[in-house]
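Notes to accompany the following structure.
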Amino acid sequence: MERTIGFKERRYIEELRILTKSTAIDCLMDERFDRIIYVIRPGDMGLAIGKKGENIKRMQKVLGKKIEMVEYSESPDEFIANMFRPALLSTVKKDEAGRVSIVLQKKSDLGIAIGRGGANVEKARLLFRRFFGSELGEILSSGDGA
């Protein structure tokens, strides 16, 4: 899947590199939720977040927007799991139409996976479409309670 990165995104990626010494593969600006979503190179997530989240807080102050980060993975299943962290996924299913459905381990993780106002689901949809050219389908819980 070919992605194009505009001037503004490049500027934000460079700002992240300067402030955190970590590398972002991609950057998305989500106007609906007034946030910047960084896709971080595998292994750089700790560096990007910083001790007790200090790098994210500093980035939010400098850029004036909410900052979210997701660690990239070549594997679609692992990338999806990274998008929904800290919610734990049980399985990832693909239907005939190419849509991907997610099954969570715990019913209590459903709220975390959806996020306030659907923010986490929207982030996952944007990133999955951008990186894998496929649509995200339903989010289900395995139904085993807690």
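Count, please, the residues in the stretch 7-32 that happen to be closer than 22 Å to SER134 by Cα and assigned to a loop (DSSP other than H, G, I, E, B). The qualifying residues number 2.
Going through (1) free of Cβ contacts under 8 Å to residues at least 24 places away in the same chain; (2) over 17 Å from MET29 (Cβ atoms); (3) not hydroxyl-bearing (Ser, Thr, Tyr) one by one, GLN60 falls short only on (2). Within the stretch 1-33, being over 14 Å from MET45 (Cα atoms) and polar (S, T, N, Q) holds for one residue alone: THR4.
Of all the criteria given as (1) touching a residue at least 12 places away in the same chain (Cβ under 8 Å); (2) closer than 26 Å to GLY46 by Cβ, the one not satisfied by LYS107 is (2).
ASP34 satisfies every condition listed in (1) within 16 Å of the chain's Cα centre (by Cα); (2) touching a residue at least 40 places away in the same chain (Cβ under 8 Å) except (2). A count restricted to the stretch 78-98 and to residues that are among the charged types (D, E, K, R) and within 13 Å of the chain's Cα centre (by Cα) stands at 2.
Selection of the stretch 88-128 for residues being of a type in the set (S, T, N, Q), in a strand (DSSP E or B) and loosely packed, with under 14 Cβ neighbours inside 10 Å yields only THR91. In the stretch 64-87, the residues that are farther than 20 Å from ARG35 by Cα and part of a loop (DSSP other than H, G, I, E, B) form Cβ pairs under 7 Å with partners that are at pLDDT 90 or above and of a type in the set (S, T, N, Q), at six or more places apart or across chains, as follows: SER73/ASN82. Restricting the stretch 64-108 to residues that are closer than 15 Å to VAL121 by Cβ and among the charged types (D, E, K, R) leaves a set whose member that is modelled with the lowest pLDDT is ARG99.
Scanning the stretch 6-23 for residues that are without any contact (Cβ under 8 Å) to a residue 40 or more places away in the chain and closer than 19 Å to MET83 by Cβ yields a total of 4.
Looking at the stretch 47-57, which of its residues are free of Cβ contacts under 8 Å to residues at least 24 places away in the same chain and not β-branched (Val, Ile, Thr)? Across the stretch 47-57, the qualifying residues are LYS51, LYS52, GLY53, GLU54, LYS57. Take the conditions surrounded by fewer than 15 Cβ atoms within 10 Å (Cβ to Cβ), assigned to a strand (DSSP E or B) and at negative phi and apply them to LYS57. Does it pass? Here the answer is no, as LYS57 does not meet what is asked.
Scanning the stretch 109-146 for residues that are modelled with pLDDT of 85 or more and among the polar types (S, T, N, Q) yields one hit, ASN120.
The values are calculated or read from the model by the stated rules, or taken from the named source; none is laboratory data. If you're wondering where the values come from, they're calculated on a predicted model, not measured in any experiment. With ideal geometry, Cβ positions are generated from the backbone for all residues, glycine too; neighbour counts draw on all protein chains shown.
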